[in-house]
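Participant: Have a look at this one.
Bear in mind these aren't lab numbers, they're just calculated from the coordinates by the rules spelled out. All figures in this text were calculated on a predicted structure; none of them were measured in a lab. Cβ placement follows ideal geometry from the backbone for every residue including glycine, while neighbour counts extend to all protein chains displayed.
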Amino acid sequence: MLNVRLFDITTLLFGVASVNYVAALYGKKVILARIGTWVCVAAAIVSTAAIGVRWAESYKMGIGRIPVTNLYESLVFFAWSVNLFYLAVEWKYRSRTFGAFVIPIAFGTMLFAFTNESSIQPLVPALQSYWLHAHVITCFVGYAGFAVSAGVAVMFLMKAKQEERKVTGGVVGLFPPTKVLDELVYRAIIWGFPFLTAGIITGAAWANYAWGTYWSWDPKETWSLIVWLVYAAFLHARVTRGWHGRRAAILSIVGFLATIFCYLGVNLVLSGLHSYGGA
Amino acid sequence: MADGKRVDSLMDQVWKFFTSIKLAIFIIIILAIASIIGTIIEQNQPLEKYRQIYTDGAIRLFESLNLFDMYHSWWFLLLLVLFTVNLSCCTIDRLPRAVKVVRNPKTTLDENLEKSLSHVDRWKKKGGLEGLAETYKAAMGGAFAKPLVTENSGTLHLYAEKGIISRFGVYVTHLSIIIIFIGAIIGNVFGFKGFANIVEGESVRTIPTRGGTNHVDLGFAVRCNKFWVDFYPSGQPKEYASDLSILENGREVLRKKIVVNDPLQYKGIWFYQSSYGAAGAASATLAVHSPDGGKVETVPLAPGQKKEIPGYGTVSGVDYQNDFQGLGPALLVVLEKPGTPPAQFWLLKAYPNFDRQRGDSRYLSFAGVDQIFYTGLQVAQDPGVNIVWVGCTLMVIGIMIAFFMSHQRLWIRLSRGGDGRVEVVLAGSTNKNRLAFEKRFEKIQADMKAVVA
């Protein structure tokens with residue numbers, strides 16, 4: 001299938017971009033990072049095309065549905081979201097050092113997708129709903145925000161450690177100042193949080209429309225709530241108790257680990273209503 | 001509010017406890033941890049299943065802590081109550097302050113205020129006080145927002161603000177959580193959730209409630225006229241649908257075909273397509289023809305049943321195949337005629353004249369199988385659900401206001417300096433998003449300095 005070939009090219013591009021961003025940091029070659037950016041732009045175009053082609057191909061097969069309904073599709077959509085979110089951050093903050101910490105997340109996601117069944121499967125009746133679009137898109141934009149935040153949080157911790165030791169220069173020396181990193185950890189979360197909220201709400205609305213229950217403490221629902229609570233705690237700690245810097249960065253990484261578990265762990269480890277997402 | 005000098009009374013201490021953000025963060029974390037436990041220990045499973053996983057001692061311990069139905073346990077509900085109380089107290093404690101800030105804006109930049117602000121700049125300008133005030137008023141209106149001018153003993157103050165609403169985003173969000181809880185409580189107290197299996201052609205008036213032994217009288221009847229299920233070539237179900245009628249006093253008042261994700265609603269009660277199953281065994285239909293092709297009779301044939309065809313013999317169906325050697329549905333029948341040995345042969349649905357070749361006084365054709373299904377419906381009445389949706393909408397709006405808007409304030413103070421020139425002081429503050437405001441302030445700074453009187 002053409003779409004799968006395009007996704008494979010996307011994987012390759014993310015790999016190339018990751019290498020470029022990391023090499024740019026260690027080799028201190030700005031040109032490499034600039035290439036990384038253009039490769040990411042290319043990956044954005046190719047993966048967007050791939051999603052469109054897959055969508056069209058599903059119609060040709062008489063199945064006709066948005067390609068976000070199984071693990072393979074959700075993984076590529078997640079990588080797509082992370083990449084776009086990242087490019088927006090790079091453009092806004094005019095720093096390419098983030099790439100080395102965020103684009104590998106997209107690359108790893110695509111590699112994981114590569115090991116999964118990639119054929120287009122028809123939809124079970126429970127998934128045949130327009131709520132699917134709103135629910136999946138909002139959730140994944142939220143996840144992408146948390147991924148970017150966690151990547152920057154790692155940078156923050158490295159930079160803060162270097163400042164503590166009063167060392168300058170080196171790879172970490174190229175990072176933006178901790179003040180900027182700290183702010184970005186926060187800002188990526190305040191973008192992700194309303195999207196996650198909307199994702200949980202659209203999921204609840206859909207469940208109510210399909211089963212007559214908007215909340216049934218299904219493991220996926222519960223884990224989405226756990227993720228929501230972790231970030232709610234982060235936001236309260238930050239806004240009202242001044243949790244900046246190190247503690248905020250650690251909380252952001254914890255939140256992203258909870259997000260990964262909500263997204264993958266629940267399907268692979270626990271059972272419940274979202275079990276089709278794991279096949 | 002306690003003024004700190006005297007010892008806090010007990011009431012003050014209790015109040016302080018419930019209005020603290022520390023408590024809020026603590027409850028949020030405990031809720032998260034409890035929720036994790038509830039996903040690790042599978043909820044509401046039969047005891048046999050728990051016996052396979054846990055030792056008897058562990059089961060006794062978990063049961064005493066209600067861990068098998070944790071989300072409905074007294075301590076989890078208590079946690080939610082505590083959460084709500086904390087939320088309400090925080091709002092009652094802080095909302096009046098926010099209202100005060102909004103209602104009594106500090107329109108003059110006095111020295112105390114100036115010292116407390118991080119964005120302050122000053123310069124001198126030639127010209128008259130009034131004239132400069134007019135110029136800066138216009139410039140501020142263009143660069144930020146239209147200012148208010150106040151005069152205070154020879155000094156002119158310009159004040160402008162933006163995004164006041166951002167002070168209330170957090171309260172809208174907190175209120176929305178309380179609204180959602182209210183909706184959930186109303187739904188639990190005044191609504192019900194049940195399940196009904198209705199065989200095709202039959203109707204029900206009462207519904208057993210989910211998990212309980214109670215029955216709910218609907219006040220009307222719901223009949224399943226027909227049920228269908230379609231499959232993908234892979235054998236996966238593609239769609240299942242029920243043709244339902246609502247009957248009031250035996251009269252049909254509403255009819256709708258429901259599928260998964262498209263329920264039927266009548267008098268606030270919703271019927272959701274949920275599952276299905278076979279009701280009894282399938283029966284085949286045979287048609288009996290005279291040699292000229294005229295139809296003599298139709299014979300329904302249950303599995304293993306022998307049916308007499310008057311004046312001809314007896315027939316029974318012994319096997320059925322959905323696709324017989326690529327020729328489609330087929331029925332294997334045994335025909336017994338007096339005086340001849342029993343004959344066994346296949347009848348193909350797609351070739352109704354196939355049996356004519358026997359050249360007998362009658363020939364048979366297979367009209368198809370009939371499977372009676374029952375449809376499985378989730379039935380729910382939830383008078384609180386719309387309140388929940390109002391809460392959800394408010395939550396998204398509240399979060400957006402809280403995070404993406406900020407209350408930004410800008411002051412300019414004009415006073416006559418000792419050297420005859422006018423001293424201009426520009427100051428700004430924001431309650432959120434300092435980095436973005438820093439840039440904005442720098443831009444305004446440049447704009448204001450470039451103003452030509």
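Participant: When we measure straight from the Cα of B:K16, which lysines land under 24 angstrom away, once same-chain ones fewer than 8 places off are left out?
Facilitator: B:K5, B:K100
Participant: Sticking with this structure for a sec: How many angstrom separate the Cα center of the range B:227-249 from the Cα center of the range A:42-77?
Facilitator: Spelled out, the Cα-based centre of one part sits 29 Å from the other.
Participant: Given the Cα-Cα distance of B:A367 and B:S73 and 0.36 nm per residue of separation, how much length would full extension add, in nm?
Facilitator: So the chain would gain 100.2 nm between B:A367 and B:S73.
Participant: Hydropathy first: keep DSSP H helices in chain B averaging at least 0.0 on Kyte-Doolittle, then drop any whose Cα extent along the axis falls short of 18 Å, and list what survives.
Facilitator: Those that clear 18 Å and a mean of 0.0 are B:21-40, B:74-103, B:129-143, B:169-190, B:385-404.
Participant: What is the spin-label model distance, in nm, from B:S88 to B:V102 if the labels are put 7 Å beyond Cα along the C-beta direction?
Facilitator: Going from the B:S88 label point to the B:V102 one covers 2.2 nm.
Participant: What's log10 of I(q)/I(0) for chain B at q = 0.08, 0.11, 0.13 Å⁻¹, Debye sum over Cα points only, no solvent?
Facilitator: One equal scatterer on each Cα of chain B leads to -0.79, -1.06, -1.21.
Participant: Right, something else. Beyond a 22 Å Cα-Cα separation, which of these cross-linked pairs lie in this structure: B:K307/B:K337; A:K28/B:K439; B:K115/B:K146; A:K92/A:K159?
Facilitator: Going by Cα-Cα distance, A:K28/B:K439; B:K115/B:K146 fall outside the 22 Å limit.
Participant: Here is a further query. For chain B, what is the charge dipole size about the Cα centre, in debye to the nearest 20, if Lys and Arg each add +1 at the Cβ and Asp and Glu each add -1 at the Cβ?
Facilitator: 2100
Participant: Would you list, by chain and number, the lysines whose Cα falls below 28 Å from the Cα of B:K267, excluding same-chain residues fewer than 8 positions away?
Facilitator: Straight-line reach from B:K267, under 28 Å: B:K193, B:K226, B:K256, B:K257.
Participant: Set Lys and Arg Cβ to +1 and Asp and Glu Cβ to -1, take the dipole of the protein assembly as shown about its Cα centre, and tell me which of A:A113, B:S20, A:F195 lies farthest positive.
Facilitator: Comparing the listed Cα positions along the dipole, B:S20 ranks first.
Participant: Work the Kirkwood hydrodynamic radius out for chain A: mean of 1/r over every pair of different alpha-carbon atoms, inverted, in Å.
Facilitator: 19.4
Participant: Express the relative contact order of the range A:124-279 as a whole percentage, based on alpha carbon pairs under 8 Å and six or more residues apart in sequence.
Facilitator: 31
Participant: Using all C-alpha to C-alpha distances in the range B:283-368, build P(r) with 10 Å bins and read off the rounded percent in each one.
Facilitator: Pair shares across the bins are 18, 57, 24, 1.
Participant: Ratio to report: Rg/Rh of the range A:124-279, with Cα atoms as the point set and Rh obtained by the Kirkwood method; give two decimals.
Facilitator: Dividing the radius of gyration by the Kirkwood radius yields 1.07.
Participant: Identify the trypsin sites (Lys or Arg not before Pro) of the range A:39-105 meeting these criteria: DSSP loop state and at most 10 other C-beta atoms within 10 Å of the C-beta.
Facilitator: Listed in order of number, the matching sites are A:R94.
Participant: Here's a follow-up. Calculate the translational D of the range B:304-453 in whole µm² s⁻¹ from Stokes-Einstein, where the hydrodynamic radius comes from the Kirkwood formula applied to all Cα pairs, the temperature is 20 °C and the viscosity 1.002 mPa s.
Facilitator: Answer, rounded: 85 µm²/s.
Participant: Could you tell me the largest-minus-smallest coordinate of the C-alpha atoms of the protein assembly as shown on each of the three principal axes, in descending order and whole angstroms?
Facilitator: Projected onto the principal axes, the Cα atoms of the protein assembly as shown cover 136, 65, 60 Å.
Participant: Hey, another quick one. Distance between the C-alpha centers of the range B:396-425 and the range A:182-230? Whole Å please.
Facilitator: 37
Participant: Pairs B:K126/B:K449; B:K162/B:K432; A:K179/B:K443: which exceed 18 Å Cα-Cα?
Facilitator: Result: A:K179/B:K443 exceed 18 Å.
Participant: Moving on to the next point. Calculate the FRET efficiency for B:Q236 and A:D8 from the Cβ-Cβ distance with a Förster distance of 35 Å, rounded to the nearest 0.05.
Facilitator: E between B:Q236 and A:D8, to the nearest 0.05, is 0.85.
Participant: Here's a follow-up. Among the chymotrypsin sites (Phe, Trp or Tyr not before Pro) in the range A:101-172, which ones are in a DSSP loop with at most 16 other Cβ atoms within 10 Å of the Cβ? Mind listing them?
Facilitator: A:Y130
Participant: Still on this structure: From the residues B:I33, B:I92, B:N112, which one has its Cα farthest along the dipole of the range B:1-126 in the positive direction, the dipole being from +1 and -1 charges on Cβ of Lys/Arg and Asp/Glu about the Cα centre?
Facilitator: Checked the options; the winner is B:N112.
Participant: Taking only C-alpha pairs under 8 Å that are 6+ residues apart, what is the relative contact order of the range B:10-100 in percent?
Facilitator: The value is 46 percent.
Participant: Using a cut-off of 20 Å between alpha-carbon atoms, which aspartates and glutamates can reach B:K124, once sequence neighbours fewer than 8 places away in the same chain are excluded?
Facilitator: B:D110, B:E111, B:E114, B:E134, B:E151, B:D419, B:E423, B:E442, B:D447
Participant: Over all Cα pairs of the range B:10-100, how is the pair count split among 10 Å bins, expressed in % and running from 0 up to the last occupied bin?
Facilitator: P(r) for the range B:10-100, in whole percents per bin: 15, 35, 23, 16, 9, 2, 0.
Participant: For n ≥ 4 DSSP H runs only, could you compute -39500 (n - 2.57) per run for chain B, divide by its residues and tell me the 222 nm figure to the nearest 500?
Facilitator: -11000 deg cm²/dmol
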